[in-house]
Every structure is written in C-alpha cells, then in structure tokens.
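Trainee: Here it is: the structure, laid out below.
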Amino acid sequence: MPWNPDQYHKFQAQRSAPFDDLLKLVEVRPHLKVVDLGCGTGELTRRLADILPESDVLGLDLSPQMLAKADSVKRAGLTFELGDQANLSGQWDLIFSNAALQWSENHPRLIGHLYDRLAAGGQIVVQVPSNHTHISHRLISETAREEPFISILDYYLRQTPVLSIEEYSRLLFELGGEEIIAFEKVYPHVLENADAVLEWVSGTALVPYFERLGTGKDLFVENIRAKFRAAMPGNPVFYPFKRTLFSAHKPRP
C-alpha cells in the first residue's frame with residue numbers, strides 16, 4: 001500500500017501513546033537480536049533500541065516511503081530494511097510490533113509463524129488497533145458497499161484480522177508461551193471535529209481504499225465526510241481509540 005508519512009504523522013503524539021505502554025512490556029536485557037515489524041519512519045524503533053543495551057535492532061517495513069524517512073534515525077546497532085512482516089525469517093530474541101500486524105491476514109497462522117521465529121527465552125510484544133467497531137470504521141464499510149464505490153472497488157471490503165484478547169492469549173498458550181499478557185485499552189483522544197477524525201483515518205483505515213479508488217477517491221471522501229459530520233457533530237469530538245496489547249515469552253529448553 002502507498003503509505004504517506006506526512007499524513008500518518010498528523011497525529012503523531014496520539015499514535016505514539018500506546019507505544020509507551022507497549023514498551024513497558026519489554027523485558028530489558030543486553031545483547032538482544034531484535035526486530036521491529038512495521039517500523040514505519042523509525043522514530044519509535046529508535047526509542048526501542050535506546051532502552052536495549054548493546055543490542056542489534058532491525059526495523060522492517062514494506063513501505064519504501066516510510067523507510068526513506070527512517071534513514072535519518074539510523075545509528076550503530078539500528079538498521080532498517082524493506083521486507084514483509086508475515087514472511088519474517090531468522091531467529092530473534094525480541095519480536096516487537098506497534099500498530100502493524102493488523103495489515104497482515106490470518107492472525108492464528110501469523111502469530112504461530114512469529115512465535116516459531118523466537119529464540120529460546122525470547123519474547124513477542126505486539127500492539128494492534130482494535131477500533132473496528134467505532135462508528136468511523138462502520139461508516140467507511142457502509143460507503144464501500146454503496147454505488148458507485150462497490151463497482152469501483154470491485155466489491156473490496158477491508159475486514160480486520162484482529163482477534164480478541166481471549167483469542168490471542170489462548171493462541172499464545174497453545175503455542176507454549178509463558179508469562180502471557182493480553183489486554184485491551186481505550187486511548188481517549190479529543191479531536192477538533194468530525195473532519196479531524198476523517199484526517200486520522202485517512203492515514204490508516206482509508207489507505208487500502210484510496211489505493212483502489214482511482215479517480216473515485218475524492219467522491220468517496222466527500223461521502224464519508226458528510227456521514228462523519230452527521231454522526232459526530234460538535235466541536236470537539238471525543239474519539240475513544242481501542243487498542244489490543246499482548247506479550248509472551250518462549251520457554252528455554
């Protein structure tokens with residue numbers, strides 16, 4: 001997908017808040033081999049690397065546009081690479097991912113694959129948005145099912161692969177994980193108005209639709225804008241953003 005770093009960073013402070021909670025789940029040890037899946041523009045990967053002494057940290061992302069920005073934060077022990085998180089190879093002491101795994105399908109298979117990539121004693125630490133029941137996402141899906149968009153999109157409808165916290169915790173248990181943590185948290189954001197909510201989702205949830213809409217993009221946005229204004233009137237707008245965080249350790253033999 002053609003990610004726009006500038007659009008994504010319009011709400012950088014709000015998007016960074018769950019990262020702070022995720023970072024607290026990391027067991028800080030020296031000399032780790034670490035991968036950050038979906039590293040984006042790299043600023044948060046740099047923060048991860050800075051708390052892990054004498055460790056080698058790789059930021060992995062599928063977006064050349066995002067990685068071009070990440071070049072500015074590279075340093076010794078911190079590198080970035082183009083790659084698909086769903087096809088991760090190698091063995092890692094820490095597999096970390098902040099707001100990226102939701103773009104890969106089939107999470108039971110994905111989490112199983114990532115767990116297999118953990119070295120003995122390693123840890124997986126993940127945060128994914130679980131806000132797909134919010135009115136903004138429901139209105140996007142509703143609009144995508146209307147003409148002319150259903151024809152332009154060829155019936156495409158983005159379905160979230162994100163599981164419940166119960167499903168993630170059970171999956172990690174069945175894989176053999178220990179010290180399992182899984183919880184959902186609401187991050188309350190106060191945005192200026194409904195148009196600001198549209199700006200927010202334009203950097204995330206709407207990206208796969210924009211990729212497919214071609215010249216229909218502007219009409220799609222205007223339809224959604226009208227629906228957002230009707231559903232979220234007033235100034236400011238309270239935007240409760242739900243996110244799922246989970247972690248587990250792979251036992252040593």
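Nothing in this text is a laboratory measurement; each read-out follows from the coordinates by a stated rule. This is a predicted model, so every value here is computed, not measured.
Trainee: Per-residue ellipticity at 222 nm for the chain, helices alone: DSSP H runs ≥ 4 residues times -39500 (n - 2.57), over residue total, nearest 500 deg cm²/dmol?
Mentor: Estimated from H runs of four or more residues: -10500 deg cm²/dmol.
Trainee: How large is ³J(HN,Hα) for each residue in segment 146-152, as worked out from phi by the Karplus curve 6.51 cos²θ - 1.76 cosθ + 1.60 (θ = phi - 60°), to whole Hz, x for Gly and Pro?
Mentor: My calculation for segment 146-152 gives 9, 7, x, 6, 4, 6, 4 Hz in order.
Trainee: Oh, and also: In the structure shown, do any of Lys69/Lys227; Lys24/Lys242; Lys33/Lys74; Lys185/Lys250; Lys24/Lys250 have a Cα-Cα gap over 27 Å, and if so which?
Mentor: Lys69/Lys227
Trainee: Hey, can you grab everything whose amide H is under 5 Å from the amide H of Gly59? Only 5+ residues off in sequence or another chain; H modelled, so Pro and N-termini drop out.
Mentor: Under 5 Å from the amide H of Gly59 lie the amide H atoms of Asp36, Thr79, Phe80, Glu81, each far enough along the sequence or on another chain.
Trainee: Could you pull out every residue, at least 5 positions away or on a different chain, whose amide H is within less than 5 Å of the one on Leu118? Hs are placed 1.01 Å off N in the peptide plane, and Pro or chain starts have none.
Mentor: Placed amide hydrogens put Trp92 under 5 Å from Leu118.
Trainee: What do the square roots of 5 times the Cα gyration tensor eigenvalues come to for the chain, in whole Å, largest first, as semi-axes of the equivalent ellipsoid?
Mentor: Taking √(5λ) for each eigenvalue gives 33, 19, 18 Å, largest first.
Trainee: Under DSSP H, which helices of the chain have Cα atoms covering 15 Å or more of the helix axis and a Kyte-Doolittle average no less than -0.5?
Mentor: Qualifying helices: 217-231.
Trainee: Got the relative contact order for the chain handy, in percent, Cα pairs under 8 Å and 6 or more residues apart?
Mentor: It comes to 22 percent, rounded to a whole number.
Trainee: Ala230 to Val186: extension gain in nm, 0.36 nm per residue of separation minus the Cα-Cα distance?
Mentor: Length difference between fully extended and current span is 13.5 nm.
Trainee: State the antiparallel share, in %, of DSSP beta bridges confined to segment 5-249, rounding to the nearest 5.
Mentor: 50
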